[in-house]
Amino acid sequence: MRPLEFGRLAWRSIGSHRLRSALTTLGIIIGIAAVIAFVTLGASLQAGLLGDISPDDQRNLYGWAAEPETEGGPLAGAQPVFTQDDLERVDELEDVDAAYGYMPISTQALAYDGELTPQSDALIAAGPPYIRPETIDEGRQFEMGEREAVINPAVAGQFEENVSVGDELTIVRQGGEQTSVTVVGITDSSEGLSPFEGFEPSPRVYVPTDPYYTEEVDGIGAGFGGDEAAEDEADEADPADGDDGDAATAEDARFLAIVVEAPSADEGDIDQARDSALAVLESDDSDASELLGDDLEITMQTSTELLQQLQDILDLLQNFIVGIAAISLVVGSIGIANIMLVSVTERTREIGIMKAVGAQNRDVLGLFLTEAVVLGVIGAILGTVLGLAVGYAGAWYIDIPLVYPYEYVALAVAVGILVGVLSGLYPAWRAARTDPIDALRYE
Amino acid sequence: MATGTAVSLENVRKTYQLAEPVHALDGVDLEIPEGSYTAIMGPSGSGKSTLMNLVGCLDTPTDGTVVVGGQDVGDLDDRERTTLRGMTVGFVFQTFNLMPRLTALENVALPQLFQGVSRNERTDRARELLERVGLGDRMDHLPNELSGGQRQRVALARALVNDPTIVLADEPSGNLDTETEADVLDLFDEFHDAGTTMLVVTHERHVASRAERIVHLLDGQIERIEELDSSDASPRSSAGHDPDERTGSAPGANG
């Protein structure tokens with residue numbers, strides 16, 4: 001007897017007990033749907049994050065100082081400890097291509113052409129290499145020491161008239177004072193350029209740390225490297241002009257984070273750059289070491305490594321869900337086995353008829369096994385469809401690109417077959433060894 | 001009429017080991033020629049069902065030999081017996097025993113499914129037989145959409161689908177009213193006339209009298225064999241009426 005014939009007969013008997021069959025497969029549907037939904041979401045999330053890391057970003061090391069074991073990803077618990085001196089010393093290292101500070105600066109608003117829009121966290125001070133050439137859609141990187149900015153499309157488009165290269169923007173600081181800046185470049189995407197910013201699209205204005213951060217420090221006096229400047233008087237003050245008596249100077253500016261660019265994305269180069277940079281920053285004669293003490297530790301990682309932490313959390317969650325799904329599948333299998341046993345008893349007479357007209361034991365076995373497998377596979381397919389629907393809805397809701405986990409769909413069907421075989425084996429064996437004489441007499 | 005032997009039983013004994021051994025059949029000798037029409041009668045407990053099971057290759061004898069279609073059933077393993085049953089025996093039951101979820105056509109085609117016959121071939125054969133039993137317009141009906149007489153005709157068509165050596169009918173008209181019973185038995189006659197070997201188990205005299213001979217069973221032994229003149233259907237005894245004296249086609253039947 002051919003498998004197709006088994007399938008036809010199995011389908012006939014499943015179809016005659018629709019409700020029962022549907023309820024039986026529910027356990028499988030839920031189990032498979034849970035896995036597929038989560039895998040779809042996980043894969044989409046991963047693609048959404050990893051897709052934003054350009055190959056060139058692979059050679060950037062993102063460093064910050066925080067108490068060891070602080071959880072929460074990039075910049076979690078970061079303290080401003082890095083000075084311009086430290087950065088320069090790292091920058092001069094042979095193993096390092098470039099090093100610069102990173103500092104988000106709080107603002108009140110952005111203004112263009114007399115139009116004011118509130119904006120608290122758009123301003124980011126960094127070194128010119130922070131704007132990687134391939135991310136610039138129009139214009140160029142800003143230059144250190146110049147009142148220049150690179151903006152992203154979200155900023156360019158948020159005013160009535162689009163901001164373009166060469167236009168002047170006005171930045172209104174926390175204190176209310178205003179600084180003007182010339183737009184020299186526009187990026188190709190509104191997503192963050194590094195793990196420090198996060199990857200979600202948001203308006204951002206990138207400016208050089210000098211003058212925008214250093215002059216802020218100039219204004220508020222020593223000790224505060226933060227972005228909580230309240231009384232900055234040095235609006236249009238000459239930036240970074242060295243020592244100025246007792247006043248705080250650019251030299252005292254401490255950065256929240258540091259970006260170190262290795263010569264290449266090669267793992268060896270990155271490790272060397274990391275080791276050399278850490279050696280300088282942690283050495284006793286660095287400015288950072290004054291503040292590091294025993295409490296703070298410098299973390300230096302690439303985007304990929306930082307995302308790995310997220311990945312680990314995702315993996316952990318995934319294992320958890322798969323565990324629950326496995327339990328659901330076991331329960332579902334028991335359900336199928338149970339209903340198959342009932343079915344075998346109910347159809348004892350039919351088994352007798354089939355055997356009387358020449359059905360071999362293996363035919364009867366195959367028939368019931370096929371029925372269990374069909375139930376399992378239907379459960380798997382419906383579960384997959386449901387899981388994909390939920391996964392896509394979730395991905396759409398949190399606005400990440402959809403990824404089709406094809407291999408899991410195939411896996412789900414394989415699991416459905418396996419569940420069917422395992423749960424159908426014993427009932428089918430019971431059916432196969434039914435004595436036709438007794439079965440024909442069965443009422 | 002063919003001259004070979006469809007089924008032969010030689011000194012057949014079947015013992016069931018219950019609380020104490022029960023001899024369902026106790027030394028039965030019987031030969032059923034090809035193309036013959038035999039009825040088996042007897043009170044319940046006389047061994048009719050056991051005899052049916054043995055001839056139908058559903059069971060094996062405790063002792064003696066049962067030869068069906070030239071093969072000794074006792075020598076075969078379960079698989080071979082199933083194949084032999086499928087190919088050489090057609091069953092007709094009192095309760096019809098059709099598959100409830102299969103149409104008349106599919107029921108008739110079912111035995112050939114297990115013989116690996118292709119779908120088209122099966123369907124053609126089943127259609128032909130259903131037309132011969134007068135159900136050409138009921139092929140796609142499910143059993144519960146058919147009357148008792150129609151169901152039994154489907155069952156007869158199914159029994160004939162593999163061109164069996166023998167058709168075994170167990171109380172074939174037990175669930176039918178008089179009129180449909182006559183229709184079904186007429187069909188039996190028709191197929192018998194066409195050369196099919198028939199073995200009918202019944203407790204009703206008028207059903208048995210359609211046969212060429214009646215085998216009377218009592219307490220697991222053949223009480224007597226009654227030869228009937230098929231042309232005028234009047235009973236004609238071939239043996240003495242002493243119940244202790246067993247008669248059969250083969251000598252030495254004493255157990």
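Hey, among the residues in region B:73-95 that are more than 11 Å from chain A (Cβ to nearest Cβ) and within 20 Å of B:Gly47 (Cβ to Cβ), which one's farthest from the chain's Cα centre (by Cα)? Among those residues, the one meeting the criterion is B:Gly74.
Residue by residue, here is whether (1) within 18 Å of the chain's Cα centre (by Cα); (2) within 9 Å of another protein chain (Cβ to nearest Cβ); (3) free of Cβ contacts under 8 Å to residues at least 12 places away in the same chain holds:
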| residue | (1), (2), (3) |
| --- | --- |
| B:Ile40 | yes, no, no |
| B:Ser49 | yes, yes, no |
| B:Cys57 | yes, no, no |
| B:Thr62 | no, no, no |
| B:Val68 | yes, no, no |
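In the condition set (1) in contact with a strand residue (DSSP E or B) (Cβ under 6 Å, 6 or more places away or on another chain); (2) over 28 Å from B:Thr38 (Cα atoms), B:Asp170 is compliant with all but (2). Just one of the numbered conditions (1) assigned to a helix (DSSP H, G or I); (2) crowded, with 21+ Cβ neighbours inside 10 Å is not true of A:Pro129: (2). The set of residues in region A:175-207 being hydroxyl-bearing (Ser, Thr, Tyr), over 18 Å from A:Ile398 (Cβ atoms) and crowded, with 17+ Cβ neighbours inside 10 Å consists of A:Thr179, A:Thr187, A:Ser194, A:Tyr206. The single residue among B:Asn97, B:Asn53 that is part of a helix (DSSP H, G or I) and buried (at least 18 other Cβ atoms within 10 Å of the Cβ) turns out to be B:Asn53. Take the residues in region B:3-38 that are under 26 Å from B:Ser209 (Cβ atoms) and assigned to a loop (DSSP other than H, G, I, E, B); name whichever of them is nearest to the other protein chains (Cβ to nearest Cβ). That would be B:Glu34.
One line per residue, one yes/no per condition, for (1) without any contact (Cβ under 8 Å) to a residue 12 or more places away in the chain; (2) polar (S, T, N, Q); (3) in a strand (DSSP E or B):
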residue: A:Ala149; (1), (2), (3): no, no, yes
residue: A:Ala154; (1), (2), (3): no, no, no
residue: A:Glu161; (1), (2), (3): no, no, no
residue: A:Ser164; (1), (2), (3): no, yes, no
residue: A:Ser180; (1), (2), (3): no, yes, yes
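Is it the case that some residue within region B:139-148 is touching a Ser or Thr at 6+ places or on another chain (Cβ under 9 Å), crowded, with 20+ Cβ neighbours inside 10 Å and within 11 Å of chain A (Cβ to nearest Cβ)? No: zero hits. Flag: B:Gly64 matches the condition of being of a type outside the set (A, V, I, L, M) and surrounded by 15 or more Cβ atoms within 10 Å (Cβ to Cβ).
Could you check how many residues of region A:1-45 are in contact with a Leu (Cβ under 8 Å, 6 or more places away or on another chain), within 14 Å of chain B (Cβ to nearest Cβ) and either closer than 18 Å to A:Gln318 by Cα or of a type in the set (Ser, Thr, Tyr) (or both)? The total comes to 1. Restricting attention to region A:274-295, the residues that are modelled with pLDDT of 85 or more, buried (at least 19 other Cβ atoms within 10 Å of the Cβ) and under 19 Å from A:Leu75 (Cβ atoms) add up to 3.
Any residue at all in region A:347-357 that's of a type in the set (A, V, I, L, M, F, W, C), touching a residue at least 24 places away in the same chain (Cβ under 8 Å) and away from chain B (no Cβ under 12 Å)? Looking through region A:347-357, none of the residues is of a type in the set (A, V, I, L, M, F, W, C), touching a residue at least 24 places away in the same chain (Cβ under 8 Å) and away from chain B (no Cβ under 12 Å). Restricting to region A:257-316, count the residues that are among the hydrophobic types (A, V, I, L, M, F, W, C), within 16 Å of A:Tyr62 (Cβ to Cβ), assigned to a helix (DSSP H, G or I) and over 21 Å from the mean Cα position of the chain (by Cα). Result for region A:257-316: 6. Of B:Leu129, B:Leu102, B:Leu98, all but one fail to be within 14 Å of chain A (Cβ to nearest Cβ) and under 22 Å from A:Arg362 (Cβ atoms); the exception is B:Leu102. Restricted to region A:35-66, and to residues there that are at pLDDT 85 or above and not in a strand (DSSP E or B), the residue that is nearest to the chain's Cα centre (by Cα) is A:Ala37. Given B:Pro111, B:Pro143, which one is closer than 19 Å to B:Phe191 by Cβ and touching a residue at least 12 places away in the same chain (Cβ under 8 Å)? The match here is B:Pro111.
Each row is one residue, and each column tells you yes or no for (1) assigned by TED's automatic domain parsing to the domain that holds A:Gly366; (2) more than 28 Å from A:Thr345 (Cβ to Cβ); (3) not in a helix (DSSP H, G or I).
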| residue | (1), (2), (3) |
| --- | --- |
| A:Ala389 | yes, yes, no |
| A:Leu402 | yes, yes, yes |
| A:Tyr408 | yes, yes, no |
| A:Val415 | yes, no, no |
| A:Val421 | yes, no, no |
| A:Trp429 | yes, no, no |
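For region B:183-204, the criterion of being facing chain A (nearest Cβ under 10 Å) and assigned to a helix (DSSP H, G or I) is met by no residue. Being surrounded by fewer than 22 Cβ atoms within 10 Å (Cβ to Cβ), of a type outside the set (A, V, I, L, M) and closer than 17 Å to A:Val183 by Cα holds for only one residue in A:Asp97, A:Asp113, and it is A:Asp113.
The values are calculated or read from the model by the stated rules, or taken from the named source; none is laboratory data. It should be emphasised that the depicted structure is a prediction, and the values quoted were computed from it without experimental measurement. Counting neighbours? That spans all protein chains shown, and the Cβs are built from the backbone with ideal geometry, glycine included.
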